[in-house]
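Q: Sharing a structure with you now.
The values are calculated or read from the model by the stated rules, or taken from the named source; none is laboratory data. On a predicted model such as this, the values are computed, not experimentally measured, just so you know. As a convention, Cβ positions derive from the backbone with ideal geometry for all residues, glycine included, and neighbour counts pool all protein chains shown. Remember, those area values only see protein heavy atoms, side chains included, never the ligands or the DNA or RNA. Shrake-Rupley method; radii C 1.70, N 1.55, O 1.52, S 1.80 Å.
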Amino acid sequence: ETGVTQSPTHLIKTRGQQVTLRCSSQSGHNTVSWYQQALGQGPQFIFQYYREEENGRGNFPPRFSGLQFPNYSSELNVNALELDDSALYLCASSVGLARRETQYFGPGTRLLVL
Amino acid sequence: SQQGEEDPQALSIQEGENATMNCSYKTSINNLQWYRQNSGRGLVHLILIRSNEREKHSGRLRVTLDTSKKSSSLLITASRAADTASYFCATVGVETSGSRLTFGEGTQLTVNP
């Protein structure tokens, strides 16, 4: 167990709907990163938040947005859901932005878009 | 898009044998990391090797890095059934901001009892 929690564990939505996924970082961590993992593929970086500010974004459209709160927990919001958004969404927490810092992953939220 | 490729995509061995997985990447890196994932759940960090290191050990794990070939390998010695999982390499680039990870496609390892 890493101490990173995510909710919900599973979610089913229909195309066009909006979804909010939540992540609580490990105690003492001030950086949260979000990744999308399609079935059978490696995770892809969505964005990273450090002390409530976005610090880097991957190749995802603006309908993917995020937020980090003062307690360093985070939300991932996806608007206008598409079938291809079906995936496992992983968050990871770490300390600071140093490249050598280990990221600790939560168990993920599995999203199915019908 | 994924930066790296992993080889093989799937590997099946008997308990007690060694398992070797390879990873290639495309850009200059600060470090390379290996992660393990059980049954499509969260990723577990295994080991990190910096760009100026060539080999690193942790328990039954041995990682090598060849920056001239942009490749890395993960060796698991004396494998156990509990090692059955997907293994991913991930790089942190020299030019990326922060600690964002770029993952390969993964190797599915099956260790048969």
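Q: Of the conditions (1) without any contact (Cβ under 8 Å) to a residue 40 or more places away in the chain; (2) open to solvent by less than 70 Å² (accessible area, probe 1.4 Å); (3) among the polar types (S, T, N, Q); (4) more than 25 Å from A:Ala38 (Cα to Cα), B:Ser79 clears all except one; give me its number.
A: (1)
Q: From the list A:Arg110, A:Arg99, which one is modelled with pLDDT under 95, within 8 Å of chain B (Cβ to nearest Cβ) and crowded, with 17+ Cβ neighbours inside 10 Å?
A: Going through A:Arg110, A:Arg99 in turn, just one is modelled with pLDDT under 95, within 8 Å of chain B (Cβ to nearest Cβ) and crowded, with 17+ Cβ neighbours inside 10 Å: A:Arg99.
Q: Which of the residues spanning the range A:13-68 are of a type in the set (Ser, Thr, Tyr) and either buried (at least 18 other Cβ atoms within 10 Å of the Cβ) or modelled with pLDDT of 95 or more (or both)?
A: If the condition is that a residue be of a type in the set (Ser, Thr, Tyr) and either buried (at least 18 other Cβ atoms within 10 Å of the Cβ) or modelled with pLDDT of 95 or more (or both), then A:Thr14, A:Thr20, A:Ser24, A:Ser25, A:Thr31, A:Ser33, A:Tyr35, A:Tyr49, A:Tyr50, A:Ser65 are the ones that fit.
Q: For the range A:75-96, which positions are more than 14 Å from chain B (Cβ to nearest Cβ), surrounded by 13 or more Cβ atoms within 10 Å (Cβ to Cβ) and not β-branched (Val, Ile, Thr)?
A: Listed by number, the residues that qualify are A:Glu75, A:Leu76, A:Asn77, A:Asn79, A:Leu81, A:Asp85.
Every residue, every condition in (1) closer than 29 Å to A:Thr31 by Cβ; (2) over 15 Å from the mean Cα position of the chain (by Cα); (3) open to solvent by 50 Å² or more (accessible area, probe 1.4 Å), yes or no:
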{"site": "B:Leu48", "(1), (2), (3)": "yes, no, no"}
{"site": "B:Val63", "(1), (2), (3)": "yes, no, no"}
{"site": "B:Lys69", "(1), (2), (3)": "no, yes, yes"}
{"site": "B:Phe88", "(1), (2), (3)": "yes, no, no"}
{"site": "B:Val92", "(1), (2), (3)": "yes, no, no"}
{"site": "B:Thr96", "(1), (2), (3)": "yes, yes, no"}
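Q: Going through B:Thr91, B:Thr96 one at a time, which residue ends up being hydroxyl-bearing (Ser, Thr, Tyr), under 17 Å from A:Glu101 (Cα atoms) and touching a Leu at 6+ places or on another chain (Cβ under 6 Å)?
A: B:Thr91
Q: Which of the strands (runs of 3 or more DSSP E) contained wholly in the range B:37-113 include at least 2 residues that are of a type in the set (Val, Ile, Thr) and more than 8 Å from chain A (Cβ to nearest Cβ)?
A: Ranges flagged: B:43-50, B:61-66, B:107-112.
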